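This report concerns only the one structure given below.
The values are calculated or read from the model by the stated rules, or taken from the named source; none is laboratory data. In this text, all values refer to a predicted model and were calculated from it rather than measured experimentally. With ideal geometry, Cβ positions are generated from the backbone for all residues, glycine too; neighbour counts draw on all protein chains shown.
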Amino acid sequence: MSGPTSTPATRAIGIATIVGLIWFVAFGLFLSPDDAVQRKGVRILYIHVPSAWLAYLAFIVTAVSSAAYLWKRTRSLTWDRLAGASAEVGVLFMGITLLTGSLWGRVSWGVYWVWDSRVTTTAFLFVTYLGYLAVRGLGGSHEQRARRSAVVALLAVLEIPLVHFSVEWWRPLHQQESIAKGKLENLMLFSLFVGVIVFTLLYVWLIMHRQRVLAMQDALDDRGLEFAIAERRQEASL
Amino acid sequence: METGFVVLSYVVTFGGIAILVAAMMRRARSMSARLPPEDQPWT
């Protein structure tokens, strides 16, 4: 928990996250009952749904931070680093969403993968944000990186409504909204709720650390450039 | 068989998070050692 990017705030959030994760696993694996239809498979949904929620949240934060960078009044590389950190965490959780969804599909449908609208658009969103991270890794100054990736982030976020409403628009094999339709009750709904809260805390903790790591990376890049320029000047003066 | 898939989904999730956190902390320690405190204003 303690490290060079830690502060009292991150330590407090970190401890709350660990306690929450223990509670979440206890409810998800042991305390909540099996579902009448999905049996034990419902326990995968306690991870799958919060992961998907977190990936959406992370990508929306990336878009908002990118817009804040592009707007001249609020332009700061801090926004760009927040966007990058959020996208990295979002990609991790989108990957978890796809993997746990695949395992849930094997339990419920008998297959790991189907090319239905929800699964396909989710995979497309995942690949899009991998592309966003690749764009961030292209060369150039910090400002060039920030401007280029901010434009990509604002385009990529448009896919989220497509993924979210795909179950309404195309009626795929993927089930529709379980919570909104009141299909989960009592301890099951509570376990899912605990998952959403705990994963959100984890997200906050991760991006606080990650954007500080990115700030250090930028500072090291700047210092490396300053050192290279000084070295060249010294060579030229000889 | 269902139990195996359920456990695997939790292992994949928490394993993935643990790997990310470990890599991030290792990188943070290595970079922090090469930077002066003014480049780490949160400290």
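In this structure, is residue B:31 in contact with a Gly (Cβ under 6 Å, 6 or more places away or on another chain), facing chain A (nearest Cβ under 8 Å), in a helix (DSSP H, G or I) and without any contact (Cβ under 8 Å) to a residue 40 or more places away in the chain?
Numbers: in contact with a Gly (Cβ under 6 Å, 6 or more places away or on another chain): no; facing chain A (nearest Cβ under 8 Å): yes; in a helix (DSSP H, G or I): yes; without any contact (Cβ under 8 Å) to a residue 40 or more places away in the chain: yes.
The answer is no for residue B:31.
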So which of B:9, B:30 ends up being more than 17 Å from residue A:206 (Cβ to Cβ), in contact with a Phe, Trp or Tyr (Cβ under 8 Å, 6 or more places away or on another chain) and among the hydroxyl-bearing types (Ser, Thr, Tyr)?
B:9
Within the range A:1-38, how many residues are facing chain B (nearest Cβ under 10 Å), assigned to a helix (DSSP H, G or I) and of a type in the set (A, V, I, L, M)?
4
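Filter the range A:131-161 for residues that are of a type in the set (A, V, I, L, M) and exposed (fewer than 14 other Cβ atoms within 10 Å of the Cβ) and give the result.
Pass one, the range A:131-161, residues of a type in the set (A, V, I, L, M): A:133-135, A:138, A:146, A:150-158, A:160.
Correct list: A:134, A:138, A:151, A:155, A:158.
Taking residue A:89, is it away from chain B (no Cβ under 14 Å) and either buried (at least 19 other Cβ atoms within 10 Å of the Cβ) or in contact (Cβ under 8 Å) with a residue 12 or more places away in the chain (or both)? Step through it out loud before you land on a result.
Details: away from chain B (no Cβ under 14 Å): no; either buried (at least 19 other Cβ atoms within 10 Å of the Cβ) or in contact (Cβ under 8 Å) with a residue 12 or more places away in the chain (or both): yes.
The answer is no for residue A:89.
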Whichever residue in the range B:1-16 is modelled with pLDDT of 90 or more and within 7 Å of another protein chain (Cβ to nearest Cβ) and, among such residues, is nearest to the chain's Cα centre (by Cα):
B:16
Filtering the range B:18-28 down to residues that are touching a helix residue (DSSP H, G or I) at 6+ places or on another chain (Cβ under 8 Å) and more than 7 Å from chain A (Cβ to nearest Cβ) yields B:21
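Please verify whether residue A:61 is at pLDDT 95 or above, closer than 27 Å to residue A:130 by Cβ, touching a Gly at 6+ places or on another chain (Cβ under 9 Å) and surrounded by 16 or more Cβ atoms within 10 Å (Cβ to Cβ), treating the condition exactly as stated.
Numbers: at pLDDT 95 or above: yes; closer than 27 Å to residue A:130 by Cβ: yes; touching a Gly at 6+ places or on another chain (Cβ under 9 Å): yes; surrounded by 16 or more Cβ atoms within 10 Å (Cβ to Cβ): yes.
Spelling it out, residue A:61 is indeed at pLDDT 95 or above, closer than 27 Å to residue A:130 by Cβ, touching a Gly at 6+ places or on another chain (Cβ under 9 Å) and surrounded by 16 or more Cβ atoms within 10 Å (Cβ to Cβ).
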Boolean, residue A:127 is β-branched (Val, Ile, Thr), more than 20 Å from the chain's Cα centre (by Cα) and more than 14 Å from chain B (Cβ to nearest Cβ):
no
Do we have any residue at all in the range A:108-117 that's of a type in the set (Asp, Glu), out of contact with any Pro (no Cβ under 8 Å at 6 or more places or on another chain) and under 28 Å from residue B:12 (Cβ atoms)?
no
For the range A:97-118, state whether one or more residues are basic (Lys, Arg) and free of Cβ contacts under 8 Å to residues at least 24 places away in the same chain.
yes
Can you tell me which residue in the range A:98-113 is surrounded by the fewest Cβ atoms within 10 Å (Cβ to Cβ), limited to those that are within 9 Å of another protein chain (Cβ to nearest Cβ) and over 22 Å from the mean Cα position of the chain (by Cα)?
A:106
